[in-house]
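For reference, the structure discussed in these notes is given below.
Since every read-out is calculated from the coordinates, none of them should be taken as a lab result. In this text, all values refer to a predicted model and were calculated from it rather than measured experimentally. No Cβ is skipped: glycine too gets one built from the backbone with ideal geometry, and neighbour counts run over all protein chains shown.
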Amino acid sequence: MSNQKDQAAAAPKRERPTILQEGPPGYTGQGFFATSADKVIGMARKNSLWPLPFATSCCGIEFMSLMSSHYDLARFGMERLSFSPRQSDLLMVMGTIAKKMAPVLREVYTQMAEPKWVLSMGACASSGGIFDTYSVLQGIDRVIPVDVYVPGCPPRPEQVIDGIMQIQQLAQNEGLRRRYSKEYEDLLTKYKID
Ligand code: SF4
């Protein structure tokens, strides 16, 4: 019996795994932690994007699948689709955009409040797709700036999810001052957007 006790005492003590890392002194404590405004606002923007679906044809059907329970876009904080440009910050363009529709798309984009992002879903929205004709816009980036292109005809929902995660990365890492920068102003000037 005493032999067993001696062995237990001699065995090295196993350390409990650390689950939470301690922050540096002065940055954490009871009831507070310190971070930067860029980081905390970026995190909030990333996880609360409100999409405006601008769907004109078959890619829109693929988007319906994306919103349904199997793929469940709500996991990304996006269950609230907005059909009001003023209350959305992610314009998702899916489908063939006729040249007659281009001014409408542009109007919707300009009505959205900053900060805003644009995802072009599928070959038609990104490049006109197979419709190389007189009536089809050969890519929405001829009238509005695009942040992420998702290829495919139609893209699989997994591809669109990947595109949305890319938008999330942009939203999270964008500095608060980018929208006031000369670079962004030049981009809008290029598109003749005030
Ligand atoms: S990319 Fe293909 S699936 Fe999507 S709108 Fe064009 S033709 Fe339809």
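Brief remarks follow.
- Normalised alpha carbon radius of gyration of segment 88-138 [divisor 2.2 N^0.38 Å]: 1.16
- Helix 102-111 axis versus longest C-alpha principal axis of the chain: approximately 50°, rounded to the nearest ten.
- Spread over its residues, the convex hull of the C-alpha atoms of segment 123-194 is 90 Å³ per residue.
- The chymotrypsin sites (Phe, Trp or Tyr not before Pro) of segment 121-192 meeting both criteria, a DSSP state outside H, G, I, E and B (loop) and at most 13 other C-beta atoms within 10 angstrom of the site's C-beta, are Tyr134.
- Ranked list, fewest to most other Cβ atoms within 10 Å of each Cβ, for Glu183, Glu79, Glu174, Glu62: Glu183, Glu79, Glu174, Glu62
- Figure legend: label point modelled 7 angstrom from the Cα of Ser135 along Cα→Cβ; residues of segment 35-70 with amide N under 20 Å from it are 55-60.
- Placing one equal scatterer on every Cα of the chain and applying the Debye formula, the log10 ratio I(q)/I(0) at q = 0.11, 0.18 Å⁻¹ is -0.59, -1.23.
- By other beta-carbon atoms within 10 Å, ranking Ser127, Ser181 with the fewest at the front produces Ser181, Ser127.
- Each DSSP beta bridge with both residues in the chain is either parallel or antiparallel, and the antiparallel ones are about 20%.
- Backbone geometry of segment 154-169 corresponds, through the Karplus equation with coefficients 6.51, -1.76 and 1.60 at θ = phi - 60°, to 3J(HN,Hα) couplings of x, x, 5, x, 4, 5, 5, 4, 4, x, 5, 5, 5, 4, 4, 4 Hz, x marking Gly and Pro.
- Spatially proximal aspartates and glutamates relative to Lys182 (Cα-Cα < 18 Å; intrachain offsets below 8 disregarded): Glu114, Asp147, Glu174, Asp194
- Rounded, prolate or oblate (a/c below 1.5 giving rounded, otherwise prolate when a/b exceeds b/c) for segment 83-170 by Cα gyration tensor: oblate
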